[in-house]
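Here the structure comes first, spelled out in structure tokens, and everything after it is commentary.
The values are calculated or read from the model by the stated rules, or taken from the named source; none is laboratory data. Fair warning: this is a prediction, and the values are worked out from it, not measured in the lab. Neighbour counts run over all protein chains shown; Cβ positions are idealised from the backbone, glycine included. When the accessible area is computed, the model is the full protein with side chains, heavy atoms only, and any ligands, DNA or RNA have been set aside. Shrake-Rupley method; radii C 1.70, N 1.55, O 1.52, S 1.80 Å.
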Amino acid sequence: MARKFGIFFTIFCILSTSCLGDWNILSQHKTNSDLQISLKNYCESWRMNVELHNIRDYVVVPQECVAYIGKYMTSTQYKVDSERTINECILYISTNCILENDGKDAWIFDIDDTLLSSVPYYKKNGFGGNKLNMTSLEDWMSQGKGTALEHSLKLFNHLKELGVQIFLVSSRREHLRSATVDNLVKVDFYGWNSLILRDQEDECKNAQTFKAEIRSKLISQGYRIVGIVGDQWSSINGLPSAKRSFKLPNPMYYVA
């Protein structure tokens, strides 16, 4: 028994020393300005700069920040940040936006992590720490497992009550249309004007180009795009733009 305990204690000490060593390196990391920071400081700064669009085109979340991002995406803070964005949308549409009420006032929503949460998928796939497997993600989408982002549903229903035409513009591919419609309706998103997905001719376009072209088509049809909300900068950047754009938080992945 004593011998087994000795072996166990030795292994424990080795592992503990290794972990403490890693933690000490991180806790003593310094910035270019010689500011000493913790791992949490580093990862929070990374996340913030993703949201500010200073960090772009990343393929995966830095490995040292995966746990932090996972914790954020399942936290009350993420819900509070999302709710604030949606509340600002409602404040804008209620006080600063003049609607013509002629059937041509339009609002654009992205779908993934704007209306439907993909956090359940990413929770099982590294919270962005693993390189995206599109086949795996599309298989998950085809099962209609996306959960509703409740604050977005609140805005969605408010816009319907105001008579605003709702357009859903997503980078999802056309073959996912049926599964997407079923998923949306299952979690109480219904009553939109049009659901626009990528077809074959859009395959080679990046998301920003594809979505900007859709906005151009809507404007040519006489619609006034009073607002856009999405979780990716590519959903709201590019010309023509909406009168106001709102971005929801999402540091798990980047779509150009």
Margin query: As an exercise: evaluate Lys247 against (1) of a type in the set (Lys, Arg); (2) surrounded by 18 or more Cβ atoms within 10 Å (Cβ to Cβ); (3) over 29 Å from Leu91 (Cβ atoms) and give the number of the one condition it does not meet.
Written below: (3)
Checklist line | Of all residues in the range 94-131 being small (Gly, Ala, Ser) and at negative phi, the one that is most open to solvent (accessible area, probe 1.4 Å) | finding: Ser94
Next item on the list: For the range 151-164, indicate whether the set of residues that are within 20 Å of Met252 (Cβ to Cβ) and touching an Asp or Glu at 6+ places or on another chain (Cβ under 7 Å) is non-empty.
Entry: yes
Item checked: Where a residue in the range 193-206 is over 13 Å from Glu174 (Cα atoms) and its partner, wherever it lies, is in a loop (DSSP other than H, G, I, E, B), with Cβ under 7 Å and at least six apart -> Asn206/Ala256
Checklist line | Output for the range 132-157, where each listed residue is touching a residue at least 12 places away in the same chain (Cβ under 8 Å), open to solvent by 50 Å² or more (accessible area, probe 1.4 Å) and among the charged types (D, E, K, R) | finding: Lys145, Lys154
Note to self: Taking the condition of being part of a helix (DSSP H, G or I), more than 24 Å from Ile219 (Cα to Cα) and in contact (Cβ under 8 Å) with a residue 40 or more places away in the chain, how many residues in the range 89-127 meet it?
What the structure shows: 5
Checklist line | the range 207-232 - residue that is under 21 Å from the mean Cα position of the chain (by Cα) and among the basic types (Lys, Arg) and, of those, farthest from Arg173 (Cα to Cα) | finding: Arg215
